[in-house]
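Novice: My structure is below; once you've seen it, I'll send some questions.
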Amino acid sequence: MTEKNMARADFYTAIVLLAFGITVTVMALQMPEIPRDPYSAPGVLPTFLGVVITGLSLIMFIRSLVRTKGKVGVSISSIKNVLTMTATLRMIVTVGFCLCYVFLLGKVYYPLATFLFLFLFILCFEYDRKTPFKTQLKKLLFAVLVGLIASALITVVFQYLFLVRLP
C-alpha cells in the first residue's frame, strides 16, 4: 500500500473509530455509579477507554488530513473499493458476529451463547468452502473444543473468581 493510500485508509479508519469512541463514552457515562466509591463504578473504565479511543482517532484523523494536504480523495469508487476489500468484509462479519452475541446475552444461557459465538466465529473464518468437508473435520473439532473449553473457563472465571453475575 502506498503512502497516499495508507493516509486515505487512516482517514476512513479514524472516522469509524471516532464514532465508536464517542458512542462508548456516551454509553459509559450513562452507566450507574456507586456512591460509596466512585472509582469502582462500572462506567469508569469504559469511559476512560472511550475517551482514549476518541482522542487517538482524532489524532489519526488530523494526521491523515495533514499527510494528504486535505485532499483525501473521497469518491464513490474509492468507497466501493474499500467496501469490497477482503479485510473490510471480514471486519463487517466480525462486527455482525459481535452484535448477534450481544443481542443473545440475557436471552440465551450465557455459556451456550458464548459457545455458539466462538464456534461459529472460528468456523466462519477457518472453514474453506472449496475444500471437501472430510478434510476439514479437524477444523470443526477444533472449533467445538475451543468453544466448549473457552466458554466453560470464561463462565467459571467470571462467576467464581471475579464474582460477576452473568446474564
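The values are calculated or read from the model by the stated rules, or taken from the named source; none is laboratory data. Quick caveat: nothing in here was measured; it's all calculated off a predicted structure. Every residue, glycine among them, receives a Cβ derived from its backbone with ideal geometry; neighbour counts consider all protein chains shown.
Novice: What's the number of the condition residue 42 fails, among (1) more than 21 Å from residue 9 (Cβ to Cβ); (2) touching a helix residue (DSSP H, G or I) at 6+ places or on another chain (Cβ under 8 Å)?
Specialist: (2)
Novice: In this structure, is residue 19 under 20 Å from the mean Cα position of the chain (by Cα), small (Gly, Ala, Ser), more than 30 Å from residue 164 (Cα to Cα) and not assigned by TED's automatic domain parsing to the domain that holds residue 152?
Specialist: On the way: under 20 Å from the mean Cα position of the chain (by Cα): yes; small (Gly, Ala, Ser): yes; more than 30 Å from residue 164 (Cα to Cα): no; not assigned by TED's automatic domain parsing to the domain that holds residue 152: yes.
For residue 19, the condition - under 20 Å from the mean Cα position of the chain (by Cα), small (Gly, Ala, Ser), more than 30 Å from residue 164 (Cα to Cα) and not assigned by TED's automatic domain parsing to the domain that holds residue 152 - is not met.
Novice: Shifting gears a bit: Tell me, which residue of the range 49-108 that is small (Gly, Ala, Ser) and closer than 27 Å to residue 122 by Cβ is modelled with the lowest pLDDT? Break it down into steps so the answer makes sense when it comes.
Specialist: First, pick out the residues of the range 49-108 that are small (Gly, Ala, Ser): 50, 55, 57, 64, 70, 73, 75, 77-78, 87, 96, 106.
Okay, now just the ones that are also closer than 27 Å to residue 122 by Cβ, so 87, 96, 106.
Working: 87: 84, 96: 94, 106: 87.
The extreme case among them is 87.
Novice: Considering only the range 50-165, give the helices (runs of 4 or more DSSP H) lying wholly within it that have at least 2 residues that are farther than 20 Å from residue 18 by Cα and in contact with a strand residue (DSSP E or B) (Cβ under 9 Å, 6 or more places away or on another chain). If you could, list the steps in order and put the result at the bottom.
Specialist: Values: elements: 76-84, 86-104, 110-126, 137-156.
Qualifying helices (runs of 4 or more DSSP H): 110-126.
Novice: For the range 111-128, state whether one or more residues are over 24 Å from residue 167 (Cβ atoms) and loosely packed, with under 11 Cβ neighbours inside 10 Å.
Specialist: Yes.
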